[in-house]
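Just so it is clear, none of the values below were taken in a lab; they were calculated from the coordinates. These figures come from a predicted structure and were not determined experimentally. So basically every Cβ, Gly included, is an ideal-geometry build from the backbone, and we count neighbours across all protein chains shown.
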Amino acid sequence: MRTTCTVVLAVAFSNFAFSQVGINTVTPLTSLDVTAGKSDGSSAEGILPPRLTGDQIKMADSRYSAQHAGVMVYITAPVTAASAKTVNMTSVGMYIFDGVVWMKMMQGDSRNFLTVSAGDIKNSVLNTDHAGWYVLDGRSIATLPDGAKSTAQLLGFTANIPDARDRVLKTGVNGEIPGSTGGDNYLWISQLNLPDMNFLGTISGIAQTAGSHTHGSPDGGFLLGGTTVNNGAGGYQPDPNATAWGGIGMLVNTAAAGSHIHTVTGTATVPTGGAGKSMDNRSAYMVVNTFIYLGE
C-alpha cells in the first residue's frame, strides 16, 4: 500500500510542472487524467467520490457557496430534516452542488446527466409510485414515507398532496398558490349567455284577426230594439230562451258586422327543446398520470 501511494504521488508531482496531473499515466490529457491501473478484471477500477450521509452534508451547509458549484458527493442515507440546500437529498445516490442547492444526478441520455429536484412534476403512463415519484392523487401526506413526508411539508403541503386527477396543469397568476386547484371540466349557461334572438314557436288558442263573422250568445239570444225581427208573433213572454217575448227582437247570433280585429294578450311559453345538460369543456385527450418528485 505504501508503494502504491508513493507511485501515485510521484506521478502527480512529476506532472505538476505541466499544470496537469496524471494518475497511472505520465501523459495526462486533461487537468486531471485518471487511467485504470489494470484492465484484466483483477481489481476494481474507477473514481470513488466522498461518501457522506445527508445529515453530514447538512452540517456543512455554511461551507458551501456559489464557488463550490460542481462539487460531487455520494449520499449513503437521506437527510433526516432537510435544509434549503439539502432539500433534494431524499434518497441514496450521487449529488452535485449547483451553487445554491444539492441536485441528485440521474442517469438519462448517455451523453449527459439529468437532475431532478423536490417538487418536480412529470406525466407518465405508469400507474404507481416509483423511484421517489408519487402520483398526485390527493392522498394524505401522513401515508407517505418519512422522507417524502418531510419533503411534502417543505413544499407547503400540510395535510394532503394535490389531486391532479381529471385536471390540466396551468401556471398560476394573481397570487395563486402552486398546488391549489380550481376550475371545472363542465360548463353551464344562463339566459344571459344565450344569443340575442327570437325563438319561433306556437301558442294554444284561436283568435280571428279579420273578416265577417258572427258571435253566438251564451245566454240564449240577444234582445234587439227598434227592429222588425219576428214582429207580430204574439207579444212578449217571460221565457229565458231564444223565443222569449214571442221571439220579438230576439236573435241567437249577432249580425256579420264586417272586418274587425280581436286582440289577445298574455304570456306565451316557447320551450327550447333542451334538457339542461352540461357541456364538457375538455378537448380530445390521452389519459396519463401526473407525478411529483418527493424522494424515496
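Would you please give the residues with an amide H less than 5 Å from that of V21, counting only those at least 5 places away or on a separate chain, with H modeled from the backbone geometry?
Placed amide hydrogens put L32, D33 under 5 Å from V21.
Residue by residue through segment 76-90, which ³J(HN,Hα) values in whole Hz follow from phi under the Karplus form 6.51 cos²θ - 1.76 cosθ + 1.60 (θ = phi - 60°), with glycine and proline marked x?
Calculated HN-Hα couplings, in order: 8, 7, x, 5, 6, 10, 5, 9, 4, 7, 10, 4, 8, 7, 9 Hz.
With a ≥ b ≥ c the root eigenvalues of the C-alpha gyration tensor of segment 19-160, is it rounded (a/c under 1.5), prolate (a/b larger than b/c) or oblate? Kindly include the intermediate steps, with their values, before the conclusion.
Numbers: a/c = 2.56, a/b = 1.87, b/c = 1.37.
Prolate shape, in that a/c is at least 1.5 and a/b is the bigger ratio.
State which entries of K85/K122; K38/K58; K149/K170; K122/K277; K58/K122 exceed 32 angstrom in Cα-Cα distance in the structure shown. Working shown, then result.
Details: K85/K122 23 Å; K38/K58 37 Å; K149/K170 25 Å; K122/K277 34 Å; K58/K122 28 Å.
Exceeds cut-off: K38/K58; K122/K277.
Which order do peptides 57-68, 170-181 fall in by mean Cβ count within 10 Å, highest first? Don't jump to the answer; show the numbers that get you there.
Details: 57-68: 12.2, 170-181: 8.7.
Per-residue mean Cβ counts within 10 Å order the peptides as 57-68, 170-181.
Show the residues, 5+ positions off or on another chain, whose built amide H is closer than 5 Å to the amide H of D163.
Here the answer is G138, since their amide H atoms fall under 5 Å of that of D163.
Quick check on the exposure proxy: order K104, K122 from fewest to most C-beta atoms within 10 angstrom. Spell out each step's value before the answer.
On the way: K104 23, K122 13.
Lowest to highest Cβ neighbour count: K122, K104.
In terms of modelled amide H atoms, which long-range or inter-chain residues lie less than 5 Å from the amide H of G93?
I75
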